[in-house]
Structures are given as C-alpha cells and as structure tokens.
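Below: the structure, in structure tokens.
The values are calculated or read from the model by the stated rules, or taken from the named source; none is laboratory data. None of the values given here were measured: they were computed from a predicted structure. Positions of Cβ are backbone-derived with ideal geometry, glycine not excepted, and every protein chain shown enters the neighbour counts. The protein model used for the area step is the full one, side chains on, heavy atoms only, and it has no ligands, DNA or RNA in it. Shrake-Rupley method; radii C 1.70, N 1.55, O 1.52, S 1.80 Å.
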Amino acid sequence: MSLEKLGPYKIGRQIGRGGMGAVYAATHEETGQLAAVKILIQHLAPMSGFRDRFVAEIESLKRLDHPNIVKLYGFGEQDDVLFYAMEFVAGTSLEEELRAGRRFNWPEVVQFGLDMAKALKHAHDHGIIHRDIKPANLLLSTSGIVKLSDFGIARLFGNSGMTADGSLLGTAEYMAPEQAEGKPVTPSCDLYSLGGVLYALLAGRPPFRSKSLPEMLQLQRFAVPEPVSTFVSGIPAEFERIVMRLLEKEPERRLPDATVLIRQLFALPEILSTAANPAKGVAARERAEPRRAEPGPSDSEVANVNAATRTAEDEVRLAPAHERTLLTAAPEQASDLTGGDAKPSANRPTLASFTPVDAQARRGPAIGKTSSSFFSWQTLLLLLALVALVGLGSWYVQPPSADALFQRIQERAADRDPDRLLDAEDDIRQFLDRYPNDPRQETVESYAQALKLQRSNRRIMLRQLVVGGKASLLPLEREYLAAVELGQRDPERAIQRLDSLLALYGKQAPASTAADSARTDLCLELARAERDRLMQQVASRVLEQQAWLAERLHFAAELAPHDPAAARAIWQAIVDLYGDRPALANQVKQARDELEKATAVDKGASKSE
C-alpha cells in the first residue's frame, strides 16, 4: 500500500511493521513536527477484533500524559486507513541495545526501573494495564530518557471483552505466571514483567530461556529464576532483592503496587551510601559497549517501535487461533478468510480528517462504532442509560481542579518526607501544566525544584557506588557528600563546611570538560539547597535549645540561695556543653556571669573569714 499523506502528516519511509500494524516516519505539513504514524493493516481493518484492539490502543494513549510514556498527538481514519500519530522518539529500544551487546550497570538499571515504575503508576492510576512490558517496548532516546510504548494489548481494569477467555496476549519471556495460565491480568502482571526487564538489563538475558513457546509458558508458571547475581557481579543485595521479589510467582508475594516500587528504588542510593564501605561491594566493570558516539542521519531519525510493530513474532505466536490465521495471511487472502468482506462495511462511520488529542481533552471516544437503523423504545431506554453513563464517565475523567491538586500536594509536602513528596510528583506536574496562571504556581514550582534536586542528589550518590567508587567523583562532589554525611550528625559543622565549599568553588569553578562543568554547577546548586535546609533545621533546634536553656538558667537561679553547689554545676555544664555554639552565646554568657558572681561571693566570704 502506498501512502503519501494521512491527516496533516506527510508520510515518509516505513520504520516498523508487525502482525497488526505498520509504523511510518511522518512530518506535520504545517508545523514541521516529527511523528511516528501507526496504521492498522488494511486487510485487518474490517474485522472487529483487530479494529477494536487498535481503537483500544488509541483510547489507552488518550488517557495518559506522562514524560515516560509516548505521547499521542491525534488519530483518524482516511481512505479506509485507521491510523494515529504519536511522539517520535529518536534512538533505540532497550532490546536493540541488548542485542547489540550493551550491558547496563546497575545504577542505570535503577534509574530505568524508577522511570518505568512511575510510568506504570500513571497508567494504573488511570485504570490501564499494559500487559506487554518488555525491552522492545522501552524506548531509549538519544538524550537518555526511557519511554514506555505500545499499548496495543493494554486493557482497562475490569474489561474482559478484548480477547477470548483463556487466550494469551503478551511476550512469553516476560509474561507473569497468572497471565501465562490465561487468568485475568492485574497491575501486578505489569510489575512481574518489569522485574523480568530489570533482570534482563542486568544479566543480559531474560529470567528464562526456552526453544519453544509451551516450554517457556511452563517455566513462567513453575520455574524459579536463578539469582541475577549468578550472571553479573557487583549488584547490591538490596537491589537484587527488589528485582527477585518482583519475579515472585504468587502476585501477593510481589511488591504490592508501583508506588511501593518507586519508594524502594528512590531510597536505594541513600540506603547504600549510608552502609559501611558501600563501594567495596561493587565490582569495577566497564560497559561492554559504549553508546554510539555520532549516529548518522538515518539513525537519528529512527523511531522506536516495539515487537508488535517491528517483528510481530510474539503477537502471532500467542494470539487466539482464529486471529493467528488472519495475522499470517497475505492481504490478498484476507477476503477469502473473512467470507469475502475485505472492505469496511458501508454503514460504519469514518473520520475523514485528523483529530488532535488536545481538542478531545484526552477523553471521549476515539472512533465511532458501527451503528444500526433499528430504533425502538428499548433502544431509547438504552440510549438514555448510555447518556447517563457517559455523563458520569465524563465527570469521572475530568481533570482535577487546581484546589484539589494543591491540597493533595500540600498534604504530602507537610510531612517533610522526601518519599511523601515523591508521591505528589504527578500532581505537581499536572498543576504546573494545567494551571500556569494560578497564584500558587511559585509554591508548587518550589516543590518541583526540590524533587529535581533530590533526584540529582541520588544520582551523585549512585555515581560513587559504581566503577571507581569515589574516584569517579569530582573533588567538589566528594566534599559535598562528606558534608551531607556530616549534616546527619552535626548540622552546624556541616553548614560551616558547605560555606567553605561554596567559597572555594562558587566562582569560576575549574572544570576540564563541558560535562564536568555541568556537574560542578549542579553540585553547587545542591550544596546551596543543602545549606539552606540545614540552616532551617538548625534554626528550629536553636529555638528549642534556647528555650530549654532559659528554663535551666531560671531553675539554677532559684536553686542558688539554698544549694549553691548544684546551681554552679548547672552553670558550668551550660558553659562546657554549649560554649562553642555561637547561636547559644547569650545563654552561655548568662551562665558565665552567674559563675563569676558566685566566685566573687565565695572570695568575699573567704576574705571576711
């Protein structure tokens, strides 16, 4: 089939093809925006099963708006071609990286896992189970950002009508045991599959290998994968425990949801950095194959597409029998297999032009279904019920108000717990995107900045735990981490150390490369933020200590007339304990003055005797 234009997009070369669809590079004729346009193979379009699945993919993407999920630009139907346009991701998939021989170090995998867990949390929060998490569906852009793609077999919670009971859709190497048995899928299935992906990125191979599909499904159901440390050294036991727990056979033994996984992965660098000699547990190893330095023009324009739009092997192997024949049939055979009806039915409405997703506010039906001319009072009742349901559904999917988002953000931020603020990340992003003119933007922006600094802080912590340990850090980064560690024991001394660090590196900091310069600037920003945080912490403590010392001084003054020795002991203790604390200088001075008075009284009494 020759395509030149679909909607506002000029169609370029084909960049992927699978059992159901093909993907083309495309350019928006008015804006010049690059896109990847996916079409439903034309001879499959008349069959409701394939059409419904394609439409469901559009519906899934319409609901989702997350930096780690490919964005849907719009959809349409033109000249009997059902299509949609999505974000164009230049780079490769993680599967292609693995096949090229690349081996990822564990801090990279931690970051990928954290990003994918956040993408899954967003999808699950919107009632969508992906059902096919695998390296081919994780797209690695040239800037290093990982994005989740292909929701072609995604299912809305509670919707069991997409495939026949007991049929399998997904990729066997990463399929959850309950999914391999044909049981209903749940969000826990996605977590299992993500565990398999993390395992493969670390070990260079999936948890199980098999020469046949039935054997692979049996392994997924009953076999226990070898510990990932069997295949690669230097992985922290805490991270391996997280991966292996995701691969538990029983869903209730896995991590309960993506939120818990996010928290555990987010806290991992801090847990490891505070352990005794953490770098000794990490083996020094280089990446097997570095990233290609300068991709050619064709490489930089390759959009990532998953196996369903690239090879279709797993989709064909695992599809129900009645669909498998159609997936493998040539277009000219389709009419025979479908009883001669190889064209869309005449009464099915089509979309003659492109429908941008923004105009739909990411809700509402994607493409009209087949209609009927039959009309009766039963139909009227059904329509009224449908209108009520649609109204309720529209109300349900309305974006939260600025007040509701801000309240949720504030509740989490009030705990002053980094993990709680992390839970509000999606709300923070929504607030900043949806309500740019809200007077509370500045407050929410400060929370977004705090999260950014937290993430950068953990990145530095991870860097010291990989190849070369602390030797891989810049001198400034080593000093910064030492100050952070000191701040847990002695905040005031840590502030002094950070002040010195900022004075030393704050102006025209030496950096040998542009990358080192960027790391230096980021570390200085982190140092300032840590200093401000410690200053607030110390200020709060100082107020408490000043009030407490004022009470002890008052008590000693009342005690002095009848027990001068006890009063002197209190004054002396204040001088000894807090004499070097500038913030408590007034209280220390009072104690010294009282000691001098008491000494003078003693001397006067001694002379009189």
Seminar exercise, completed: Flagged as over-length at 28 Å C-alpha distance, from K71/K249; K71/K121; K147/K452, the pairs are K71/K249
Exercise. In square angstrom, what is the accessible area per residue of segment 535-609 with a 1.4 angstrom probe?
Worked result: 68
Exercise. Near the amide H of G12, under 5 Å away, which other amide H atoms are found, from residues 5 or more places off or on another chain, if H is placed in the peptide plane?
Worked result: A25, A26, T27
For this session: With a Förster radius of 45 Å, plug the Cβ-Cβ distance of D438 and R581 into 1/(1 + (r/R0)^6) and report the FRET value to the nearest 0.05.
Result: 0.60
For this session: Please work out how much accessible surface K589 shows to a 1.4 Å probe, ignoring ligands, DNA and RNA, in Å² rounded to 10.
Result: 110
Seminar exercise, completed: Given backbone amide H placed at 1.01 Å from N, residues whose amide H is under 5 Å from that of L82, ignoring those fewer than 5 places away on the same chain, are L40
Problem set entry | For segment 242-247, Karplus couplings with θ = phi - 60° (6.51, -1.76, 1.60), whole Hz, Gly/Pro x | 5, 4, 5, 5, 4, 9
